[in-house]
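The values are calculated or read from the model by the stated rules, or taken from the named source; none is laboratory data. The model shown is predicted, which means the values in this text are computed figures rather than measured ones. With ideal geometry, Cβ positions are generated from the backbone for all residues, glycine too; neighbour counts draw on all protein chains shown.
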Amino acid sequence: VNLRRSLQGLFLLLFFLLFFTSTTSFSRMLPPDLFLRSDPLAGMIVSVMAWSAITVFLPALVVVGSALLMGRAFCGYACPLGTLADLGARLARTPHEEPSWLRRRPGLPLLILLLVLASSLLGFSLLAWLDPLVLLSRTTALVLQPWLLEAGRAVLGIFRPLASRIEWFWLSDAELHTPRYWLEGLSVAWMGGILALSLWRSRLWCRAVCPLGSLLGVLGQRAVLARRVGDSCVECGACEKVCPMGAIGRDPRHTSRSRCLICGRCGEVCPGEAIGFLPMKTGPARAPNGGWIPLSRRALLAAGAGGLMAGLTVRVDAGRAAPRDRLIRPPGALPEPLFLDRCLRCGLCMSVCMSHTIQPSLWEAGLDGIWSPRLDLRLAPCEKHCNRCGQVCPTGAVRPLSLEERTHAKIGTAILLRERCLVWEQDKKCLVCDEICPYDAIEFREVEGMRRPFVTESRCNGCGYCEHKCPVQGQSAIVVARMGEIRLEKGSFVEEARARGFVFEGSREEGESAPPSQSREGELPPGFLRP
Amino acid sequence: MRDGVAWGHEMGTDSSRIGPQQFDRRSFLAGMGALAGASILASWVPLSSARAGETSRLAVAKGEAASATRLALEALGGIDSFVKSGDSVVLKPNASFPNPPSWGCNTSPEVVATVARLCLEAGARRVVVVDNTLGNPQLCFSRSGLRDALSSIPQVRLLAPKQEGMYREVQVPRGRALRSTKVFGEVMESERLINLPTAKSHSATGVSLGLKGLMGLVWDRNTFHRDMDLDQAIADLATVLRPTLTILDGTRGLLTAGPGGPGKVEQWNTVVAGTDPVAVDAYGVTLGQWYGQRVRPDQVKHLLAARAHGLGTLELGRVEILERGA
């Protein structure tokens with residue numbers, strides 16, 4: 001049994017297990033965001049952006065500790081994206097050798113890390129694009145899960161008639177619902193590109209780009225566990241050929257600690273058994289510190305300047321300042337700038353959303369708002385009796401709320417577009433917005449001989465059931481805008497909603513009847529004909 | 001921190017596994033193809049012919065939900081007069097809204113469970129409870145109390161089919177507004193359809209009783225509101241969906257703000273049952289004061305249209321009423 005592969009498999013399985021059980025009670029034992037919270041880079045960036053230590057990232061200290069003792073062991077043994085890269089390389093028989101452009105630029109990954117850190121200082125997080133755990137998390141949510149469910153749905157659909165014929169109702173009644181997301185193409189292309197890099201040369205993403213790996217490499221410069229080459233080395237070069245990271249130099253005694261995964265593949269092939277990872281009796285007492293690549297002053301300046309420019313770019317992007325009318329955030333989302341600082345763009349909220357109305361943004365929230373969650377209420381409504389998004393959010397960008405608090409976290413207000421409305425424009429008997437409204441926020445009033453719908457703004461929660469169910473094709477005749485949304489950094493949404501005069505339920509929930517709305521003398525009750 | 005979360009399982013089915021190396025790839029694929037072909041063939045099923053309406057007799061029973069339901073059915077000769085041994089039965093309650101029973105917008109779970117039990121006692125081969133809910137099916141079934149009420153009857157299946165493939169195109173030859181629609185397929189295969197509406201107001205059609213409730217067996221109801229006269233379409237649908245029996249749950253009545261509520265709810269402790277779907281609805285109209293007013297059955301446009309189709313009578317004076325219970 002290969003220890004490394006077993007651990008890799010175990011961590012990969014754990015990653016998907018946590019993900020696919022995130023809406024079950026299993027998640028109470030092990031949180032679905034465990035990997036994200038173990039990400040020291042994410043912890044650093046979010047703490048810098050939010051300008052306070054974010055304690056949910058405490059598990060990341062374990063990974064920091066592992067790096068101090070064992071260098072990039074996390075990448076070699078635990079990182080699920082690294083494992084996928086290894087799997088791909090195995091299947092595709094990917095060559096290991098270092099591309100020449102990378103050989104000439106050994107400082108590239110460090111440069112990228114510094115760029116990520118520098119841009120975060122100016123308020124622009126690149127985690128959404130470059131952090132392996134964030135990326136894999138989001139891709140699992142937006143791509144893998146829908147793929148699996150759609151395939152399962154198609155198979156179920158084929159076998160349903162037969163199953164019902166032979167009365168296998170457990171099968172014929174089974175339904176799978178495929179979540180659908182915007183930006184599928186971009187999601188697939190980005191992750192596909194990353195994996196393709198590692199199919200071309202093994203772990204090329206991990207060597208050349210990954211800022212988390214780079215950070216762990218920096219921390220591991222003086223690790224205890226490190227590759228050491230004893231006196232029995234005959235310089236055959238076998239180790240260099242099998243190293244998936246290009247961590248071994250032309251001189252096989254030389255190891256780049258910024259690269260070495262402690263995977264031990266070099267030791268397996270060494271004919272002289274010259275390679276060990278613990279301090280040796282023979283050979284060097286301490287592993288040669290050959291990995292540190294001092295960046296030139298010019299490179300440091302370039303990283304700083306790049307980060308500065310990236311930060312300035314998002315700051316001057318109009319997306320930050322333009323009031324986006326249809327940018328509906330999940331209920332309980334922090335006030336916008338704080339929300340964007342905290343949000344990892346990990347896609348967990350999208351994955352657990354009961355109706356899958358939570359979608360990744362493209363430009364709706366500005367340049368740095370890309371991948372951040374927004375609600376597409378035409379596609380699906382926001383369920384009144386669901387608070388999963390806040391419960392899974394790793395960083396509290398969407399606050400964890402009780403169901404009562406959540407129903408008071410108003411996300412917008414419905415606006416009726418009379419010129420599209422079947423009742424206002426065509427005198428049709430439609431009441432769909434009214435019957436479906438979970439907050440009783442649509443009322444009908446007699447106008448020009450017919451009862452026509454109006455929005456009661458003080459009752460509208462912005463859930464979008466009306467927008468979703470409106471039978472008008474294409475754009476709905478009733479749409480939710482940000483108007484009236486409640487965004488609180490702290491404190492009670494119930495109190496805030498009451499203070500602003502909103503009524504979202506109150507005691508009617510418990511079955512208490514509403515005051516009878518008598519129809520006036522001589523006026524017909526709604527829907528009936530004159531006798 | 002995770003208290004009070006609405007956790008639910010979305011991916012319910014286990015995937016069966018084929019052991020490695022037991023088939024070669026080609027024979028496996030061929031086998032799958034054959035199964036799929038058989039499955040598609042099996043989907044062709046002749047539609048059951050609609051039965052003509054019978055004499056108009058209505059049972060009106062008082063009491064709490066379960067006993068009133070039993071009394072009403074006994075008055076009509078017992079469930080055995082309608083459900084034969086070996087029948088497959090579809091029950092159609094209102095379950096569209098994720099609201100508690102006290103709101104009066106869904107059929108009382110006790111009524112549904114009682115009818116389901118009676119059908120099984122009468123020897124029904126299978127019983128399926130179905131409504132294409134407006135709201136999220138899981139929430140509708142849990143918050144309406146329907147799932148809990150049926151959980152103790154393992155033979156009963158509770159469904160809110162949300163896959164178009166579970167519906168079947170049906171022509172409506174006598175339809176004036178509705179010419180064809182897709183209906184939950186199993187209704188067409190089953191011997192019996194029992195409609196279990198609740199009694200509530202409806203701001204577009206006046207009341208929502210049995211005939212209106214049949215829209216819950218349809219795949220696309222948007223088109224009823226958008227593309228045609230809603231009242232006429234409801235009556236047209238009733239020409240092809242002919243329940244064996246309509247049992248109107250009048251234990252509560254939602255008198256205002258229907259169909260979703262919250263509105264004024266009255267306790268009526270009444271269950272109305274009959275084979276004439278128009279007469280049951282006509283009686284339902286007289287049960288309460290809608291928005292504070294007495295309304296006559298012929299003030300409901302879709303009931304007039306159903307009568308014009310010859311689906312039943314609106315003249316309650318000509319209907320034999322069998323009163324039971326306190």
- request: Considering each residue of the stretch A:146-192, count those that are under 30 Å from B:Val187 (Cα atoms), acidic (Asp, Glu) and assigned to a helix (DSSP H, G or I), and give that number.
  value: 1
field: Which numbered condition B:Asp276 fails, given (1) within 14 Å of chain A (Cβ to nearest Cβ); (2) among the acidic types (Asp, Glu); (3) within 17 Å of B:Leu196 (Cβ to Cβ)
entry: (1)
task: Scan the stretch A:422-442 residue by residue and report those that are over 34 Å from the mean Cα position of the chain (by Cα) and either among the acidic types (Asp, Glu) or more than 11 Å from chain B (Cβ to nearest Cβ) (or both).
output: A:Trp424, A:Glu425, A:Asp427, A:Asp434, A:Glu435
- line: Over the stretch A:417-444, the set of residues surrounded by fewer than 21 Cβ atoms within 10 Å (Cβ to Cβ), more than 22 Å from B:Ile234 (Cβ to Cβ) and not aromatic (Phe, Trp, Tyr) is A:Leu417, A:Arg418, A:Glu419, A:Arg420, A:Glu425, A:Asp440, A:Glu443
- prompt: Hey, does the stretch A:193-211 have a residue that's of a type in the set (D, E, K, R), under 25 Å from A:Ser351 (Cα atoms) and assigned to a helix (DSSP H, G or I)?
  reply: no
- prompt: Taking the stretch B:296-326 as the region of interest, how many residues are closer than 24 Å to B:Asn269 by Cα, at pLDDT 95 or above and in contact with a Gly (Cβ under 7 Å, 6 or more places away or on another chain)?
  reply: 1
query: Name the residues in the stretch A:370-417 that are more than 25 Å from B:Pro137 (Cα to Cα), more than 14 Å from chain B (Cβ to nearest Cβ) and either in a loop (DSSP other than H, G, I, E, B) or not β-branched (Val, Ile, Thr) (or both), would you?
result: A:Ile370, A:Trp371, A:Ser372, A:Ala397, A:Leu416, A:Leu417
- request: Taking the options B:Val111, B:Val156, B:Val127, B:Val172, name whichever one is of a type in the set (Val, Ile, Thr) and surrounded by fewer than 22 Cβ atoms within 10 Å (Cβ to Cβ).
  value: B:Val172
field: Filtered residues of the stretch A:303-356 (kept if β-branched (Val, Ile, Thr) and either assigned to a loop (DSSP other than H, G, I, E, B) or away from chain B (no Cβ under 14 Å) (or both))
entry: A:Thr313, A:Val314, A:Val316, A:Ile328
- request: Confirm whether B:Arg252 is modelled with pLDDT of 95 or more, in a loop (DSSP other than H, G, I, E, B) and of a type in the set (Lys, Arg).
  value: no
field: In the stretch A:20-35, the residues that are part of a loop (DSSP other than H, G, I, E, B) and crowded, with 18+ Cβ neighbours inside 10 Å
entry: A:Ser22, A:Thr23, A:Pro31, A:Pro32, A:Asp33
field: B:Ser88 vs. criteria without any contact (Cβ under 8 Å) to a residue 24 or more places away in the chain and over 30 Å from A:Cys466 (Cβ atoms)
entry: no
Neighbours by Cβ (under 9 Å, 6+ apart or cross-chain): first from the stretch A:203-216, under 22 Å from A:Arg90 (Cβ atoms); second part of a loop (DSSP other than H, G, I, E, B) and of a type in the set (Ser, Thr, Tyr): A:Arg203/A:Thr94; A:Leu204/A:Thr94; A:Gly213/A:Ser258
- prompt: Within the bounds of the stretch B:139-159, is there any residue that is away from chain A (no Cβ under 14 Å) and touching a Gly at 6+ places or on another chain (Cβ under 8 Å)?
  reply: no
Counted residues, the stretch A:214-261 - those being of a type in the set (A, V, I, L, M, F, W, C), closer than 21 Å to A:Leu102 by Cα and crowded, with 22+ Cβ neighbours inside 10 Å: 9
statement: Checking A:Arg250, A:Arg259 in turn, the sole residue that is basic (Lys, Arg), outside any strand (DSSP E or B) and at pLDDT 90 or above turns out to be A:Arg259
query: Quick one: how many residues across the stretch A:477-501 are within 28 Å of A:Arg378 (Cβ to Cβ), in contact with a helix residue (DSSP H, G or I) (Cβ under 8 Å, 6 or more places away or on another chain) and not in a strand (DSSP E or B)?
result: 7
statement: Conditions (1) more than 14 Å from every other protein chain (Cβ to nearest Cβ); (2) out of contact with any helix residue (DSSP H, G or I) (no Cβ under 9 Å at 6 or more places or on another chain); (3) of a type in the set (Lys, Arg) -> A:Arg445 fails only (1)
task: Could you run through the stretch A:440-492 and say how many residues are modelled with pLDDT of 95 or more and hydroxyl-bearing (Ser, Thr, Tyr)?
output: 3
query: Residues in the stretch B:195-211: is at least one of a type in the set (A, V, I, L, M, F, W, C), modelled with pLDDT of 95 or more, assigned to a helix (DSSP H, G or I) and buried (at least 21 other Cβ atoms within 10 Å of the Cβ)?
result: yes
- line: A:Arg378: passes all of (1) surrounded by fewer than 21 Cβ atoms within 10 Å (Cβ to Cβ); (2) under 20 Å from the mean Cα position of the chain (by Cα) but (2)
message: Quick check on A:Gly192: is it closer than 17 Å to A:Pro109 by Cβ and of a type in the set (Gly, Ala, Ser)?
response: no
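One line per residue, one yes/no per condition, for (1) surrounded by fewer than 24 Cβ atoms within 10 Å (Cβ to Cβ); (2) of a type in the set (Val, Ile, Thr); (3) within 14 Å of chain A (Cβ to nearest Cβ):
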{"site": "B:Arg226", "(1), (2), (3)": "yes, no, yes"}
{"site": "B:Arg242", "(1), (2), (3)": "yes, no, no"}
{"site": "B:Ile247", "(1), (2), (3)": "no, yes, no"}
{"site": "B:Leu254", "(1), (2), (3)": "no, no, yes"}
{"site": "B:Gly260", "(1), (2), (3)": "no, no, yes"}
{"site": "B:His302", "(1), (2), (3)": "no, no, yes"}
task: Looking at (1) over 20 Å from B:Ala308 (Cβ atoms); (2) touching a residue at least 60 places away in the same chain (Cβ under 8 Å), find the lone condition where B:Ser144 falls short.
output: (2)
message: Against the conditions (1) of a type in the set (D, E, K, R); (2) over 28 Å from the mean Cα position of the chain (by Cα); (3) crowded, with 21+ Cβ neighbours inside 10 Å, where does A:Glu167 fall short? Just the number, please.
response: (3)
